[in-house]
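Every number in this text was worked out from the coordinates using simple rules, so none of it is lab data. Just so it is clear, the structure is predicted and the values come from calculations on it, not from any experiment. All Cβ positions, even for glycine, are placed from backbone atoms using ideal geometry, and neighbour counts span all protein chains on display.
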């Protein structure tokens, strides 16, 4: 059965990566919740897609250059604060989480953050394939997926070469040859970001066992 993953929480229904978006995704009964994280200057992690907070708040503060305490002073467009990784994990503790880790040099800090937690429901994905491999070495029990945007072949290559869990491929670049090769390497497959139910049903037929990420999870559930 195709699994449904809420993209940035439920980005089509609430401010992406915000508390409201995570809650909305959970209310939609998704199979997993995906969100983006950046490392702060003091090695904490917060939910945000971009390097700065402009899209979420209008603030020009760059997350990697600022401490958590300063970032938490900024109000988001919906009146909320940034969500910390700890708060997100506590909220979604009964479902799998898919963490898209942004930036560089985060493997050791994320390992420290996740040490001692139940890692069975944690999935880490990233465009930074070398850093993802480094993280996999430090945390071999956590599922890890390479992300392939315009470089799907590179993502598939890294996942296979380093025996990672799978690949997260842009649905616009997905094709039967990629699917065959991914399966031949015993890799799992996620595609992003599918918001059309018709395309979702087509992918379910073409690529059995796939998981899809969507901004509108309520369209695919129920």
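Work out, step by step, the length gained on full extension between residue 42 and residue 86: first 0.36 nm times the residue separation, then minus their alpha carbon distance; give nm to one decimal.
Full-extension gain reported as 14.4 nm.
Return one number: the angle in degrees, 0 to 90 and rounded to the nearest 10, between the long axis of the Cα atoms of helix 197-206 and the longest principal axis of the Cα atoms of the chain. Approximately 50 degrees, to the nearest 10. Taking only the C-alpha atoms of region 60-206, Rg followed by Dmax gives 16.9, 49 Å.
Quote the convex hull volume per residue of region 134-174, based on C-alpha atoms, as a whole number of Å³.
Details: hull volume 2.4 nm³, N = 41.
With only Cα atoms used, region 134-174 gives 59 Å³ per residue.
Once the mean of 1/r is taken over each pair of separate Cα atoms and inverted, region 1-66 shows a Kirkwood hydrodynamic radius of 12.4 Å.
With N the number of residues in region 121-222, Rg(Cα) / (2.2 N^0.38 Å) evaluates to 1.05. Taking each DSSP H run with n ≥ 4 as -39500 (n - 2.57) and averaging over every residue of the chain yields -8500 deg cm²/dmol at 222 nm. Once C-alpha pairs closer than 8 Å and six or more residues apart are averaged by separation and normalised to the residue number of region 109-222, the relative contact order reads 17 percent.
In region 3-219, the DSSP beta bridges split such that about 15 percent are antiparallel, to the nearest 5.
Order of 72-82, 48-58 by packing, highest average Cβ count within 10 Å first? Show your work: numbers first, answer last.
On the way: 72-82: 15.1, 48-58: 17.0.
Ranking, from highest mean packing down: 48-58, 72-82.
Extending 7 Å from Cα along the Cβ direction at residue 73 and again at residue 181 yields two label points whose distance is 5.0 nm.
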